[in-house]
Amino acid sequence: MTDAALAPAPSTDVAVQIERMNKWYGQFHVLRDIDLTVYRGERIVICGPSGSGKSTLIRCINRLEEHQQGRIVVDGTELTSNLKNIDRVRSEVGMVFQHFNLFPHLTVLENCTLAPIWVRKVPKREAEETAMHFLTKVKIPEQAQKYPGQLSGGQQQRVAIARSLCMRPKIMLFDEPTSALDPEMIKEVLDTMIELAREGMTMLCVTHEMGFAQAVANRVIFMDQGQIVEQNTPREFFNNPQSERTKLFLSQILGH
Amino acid sequence: MSDTDAQTVAFARETMIPAAPPPASQRGAIRWLREGVLSGPLNIVLTLISLWVIWLVLRDFVPWAWRGIWAAGSLDECRAIRDSRYGDGASVACWAVITDRWRQLTFGFYPVAELWRPPLALVLALLAVLPVLFAGLPRRLLWLSAAAPFVIYWLLFGGTIWGPLLTALGLGLAGLAAVAVGRQRGTGWGALAALAVLLAAFLDPFGLVVAGAGWLDGIVPLVPALAASLSALAPGSAAVWAPLLVAAGLALVGFLAAGLWRAGSPVAAAVVGAVLAAVLFLDLFAWIAWGLDAARLDGLFPLVPPVSDWLSGLAPLGLTPVDSDDFGGFTLSITIGLSAIALSLPLGVLLALGRRSDLLLISAVSTAYIEVIRGVPLIVWLFTAQLLLNYFLPPGTNFDLMLRVIIMSTLFAAAYIAEVVRGGLASLPKGQTEGAESLGLPYWSAMRLIILPQALKVSIPGIVNTFIGLFKDTTLVAFIGMFDPIGFASAIRADTDWQGIYWEIYIFIALVFFAFCFAMSRYSIWLERRLERSHR
């Protein structure tokens, strides 16, 4: 599959704007002068060695982590300590976690309808219809009445994707969505994500699945030591990496 | 079969082996005997010793209890019957003290004609918790649970029905305002609206209705009372205290509100400011300002008595009033125990959330509260309730002792509940909060829908443990002059009829407490299993 098989090239409409953003954990300077503009419909894959700050970066976009310097504007709303703005941004930005973070005391269907009912104030029946629509889309409508603990890892991650989609987000963040899965289940989750990309969803995805990056991304970002070291189209990034650090990284992960 | 394939290195299974039951030695009674009782020489010896000890205990106790005498009017009579039936000095229980005095032990001085009321109240209380505990019942029944406390209060204390009815009405209005405004504007504004309704409905902030309160005193009733007390301590300083107190109160409110405002939560700032101002100035619980001869609900809600008197004049509906001094025995223990249990859980949950809060002041206040309350024995708090509060109240006020004890037990148990719930909160993976936050759920919704249901489930054993302890600790009120079963046991033993009896009464009391506590324990185990199953 090539880029051409996917949705048309992204617009000039800005979805996320990050300017000179810095973050520290105590004394540790975890993100340094991050500048990043994400256009609507863009699919960005972020990779890098562990501890490079890639997860922290996307967690800043829906303020699961607080940045200390610089500006982050998401969908026209700047993230400050204003709680109302934060909740607004979070309801427009979906997030999929490495460990799914489904709610174990609720059924799959309730997991999907909870936020639309309590945040969007959607009537229960309508929320359930939407939930079934998205559960069908991730190909597990028959599991709606089960609890997350009864599902396989791959199924749980697909429920997590459906749960985010039920809020009809404008942007989706993926934080290593396949890292906690058995090899047999990675494909079903990646297929779901590819499907989503095909429909033009704006996506930021932290992943080590380089096949996915080549197939889906418009842009690949390589991070090291809290900085963006290199960004390019997948073709250029993989075939013609510019920095030494990127070359080393690629040789490590592709070099078996 | 596949063992021909097993001869070679390459191997492919052709038939799957079906599942078989375990061998007989690993099942049922045989396994239990082998592993639990007779697994080795040491265990066989221990089993025999245990059997011998059990025999030693029961050898004397069973005949003593079984041959006990049930019908007698006094201990002397009991002994005479014993001597004639079993021979002089036989060791035999005299259960007659229970048949003679069970009514006192159960109901205290409750009027004999009204004895149907406490058991009915208990049955109502047990029915009212059913919809809370069993999610399978229709959600509408929760309305009945909400109404139950007022009916129970009315049943227990009697008097006009209008007081509890008006109180329920006011709280209902406040709840309605909270829901209506909360839906439109968010939880913070909802809480603010409810608070406004509460103030208007009950607290008479402008002192318009309650006679005798001056204009300014009506607005800030706590200040004159406190100022008067302080002036008495330091004579000649009367003019200083009132302005000083007002200034200190306003400063505290302003400090808190400003802190919250800066933390980016103007609504929380407004709510906390309003609540604190109300507590500081308005004497929310009307303990001090309004001369509290009428305690209980009347003291809590000063607006209720005048209106209820007026309505009673129009339509006198009511039961015979029962004074709280007449409560005694198990009725007293259960009233105090169940009230404190019902009230301490929500307070404990709030304290646990407060202690984990990011807002420094809220977490510091919660932590200080928990540590201080836990660090001091309950009996000290009960003596505080009995004695010290009276020193702080203006002369002439008489604030119902039973209510004071319920409040103290609630405050005490809440500190323990808070720590148990905090443990439950800490046991949840961080991802649960992040999952809820990433969906845009505001704090209170996330807590109510995601975090607390899971944390409380983990905390059930600890919570029930605290409840059982609290229920048994109600016997401590015997030391502050209340007649709970222990108090009555002493009184009965001081009676000339029953002087010298002790085992029988205390065994009876122990059995009743055991029945209640064991029921709670079994219930919590059942609840745990049920919740466990529903999530698998």
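Observations on the structure shown:
- Counting only lysines at least 8 places from A:K124 when in the same chain, those with an alpha carbon closer than 29 Å to its own are A:K84, A:K137, A:K139, A:K146, A:K170, B:K430, B:K457.
- Rounded percent of accessible protein surface that carbon and sulfur make up, region B:385-525, 1.4 Å probe: 67 percent
- Of all lysines in the structure, the ones whose alpha carbon falls short of 20 Å from that of A:K23, not counting any fewer than 8 places away in one chain, are A:K54.
- Scattering profile of chain A at q = 0.10, 0.13, 0.16 Å⁻¹ [log10 I(q)/I(0), Debye over alpha-carbon scatterers]: -0.49, -0.84, -1.26
- Between A and B, accessible area buried - total, square angstrom, nearest 100, 1.4 angstrom probe: 2200 Å²
- Per residue, the solvent-accessible area of chain A (1.4 Å probe, heavy atoms of protein chains only, all protein chains present) comes to 43 Å².
- Pairs of Cα atoms nearer than 8 Å and 6+ residues apart set the relative contact order; for region B:111-158 it is 46 percent.
- Helix axis angle, A:124-137 relative to chain A longest principal axis, alpha carbon, degrees: 50 degrees
- Taking packing as the residue-averaged number of other Cβ atoms within 10 angstrom, the listed peptides A:175-188, A:148-161, B:11-24 run from highest to lowest as A:148-161, A:175-188, B:11-24.
- Among A:R168, A:R125, A:R235, the largest mean-square fluctuation in a Gaussian network model of chain A (Cα springs under 10 Å) belongs to A:R125.
- Nearest 10 degrees, 0 to 90: helix A:83-92 Cα axis against chain A principal axis: 80 degrees
- Eligible aspartates and glutamates near B:K472 by straight Cα distance, threshold 15 Å, same-chain separation 8 or greater: B:D484
- Of A:Q98, A:Q225, A:Q68, the one that fluctuates the most in a GNM where chain A has Cα springs shorter than 10 Å: A:Q68
- Remark on region B:396-442: accessible area falls by at least 40 square angstrom from chain-alone to full-complex state for B:Q432, B:E434, B:E437, B:S438, B:L439, B:G440, B:L441, probe 1.4 angstrom.
- For region B:66-124, the gyration tensor built on C-alpha atoms gives a prolate shape. Its axis ratio a/c (a ≥ b ≥ c) is at least 1.5, and a/b is the larger of a/b and b/c.
- Highest-fluctuation residue, A:T12, A:T56, A:T202 considered, GNM on chain A with Cα pairs under 10 Å: A:T12
- Shielded by partner chains, region A:77-115 residues - at least 20 Å² of accessible area, 1.4 Å probe, vs chain alone: A:S81, A:L83, A:K84, A:D87, A:R90, A:F97, A:N101, A:F103, A:P104, A:H105, A:L114, A:A115
- Ligands, DNA and RNA are left out, and with a 1.4 angstrom probe the accessible area of region B:14-157 is 68 Å² per residue.
- On Cα atoms only, tilt of A:108-118 relative to the major axis of chain A in degrees: 80 degrees
- Histogrammed with a bin width of 5 Å, the alpha carbon distances of region B:111-158 distribute as 5, 23, 28, 18, 13, 8, 4, 2 percent, first bin at zero.
The values are calculated or read from the model by the stated rules, or taken from the named source; none is laboratory data. Given the structure is predicted, the values throughout are model-derived calculations rather than measurements. Reconstructed Cβ throughout: ideal geometry from the backbone, glycine too, with neighbour counts over all protein chains shown. Heads up: the accessible areas ignore ligands, DNA and RNA and are worked out on the full protein's heavy atoms, side chains in. Shrake-Rupley method; radii C 1.70, N 1.55, O 1.52, S 1.80 Å.
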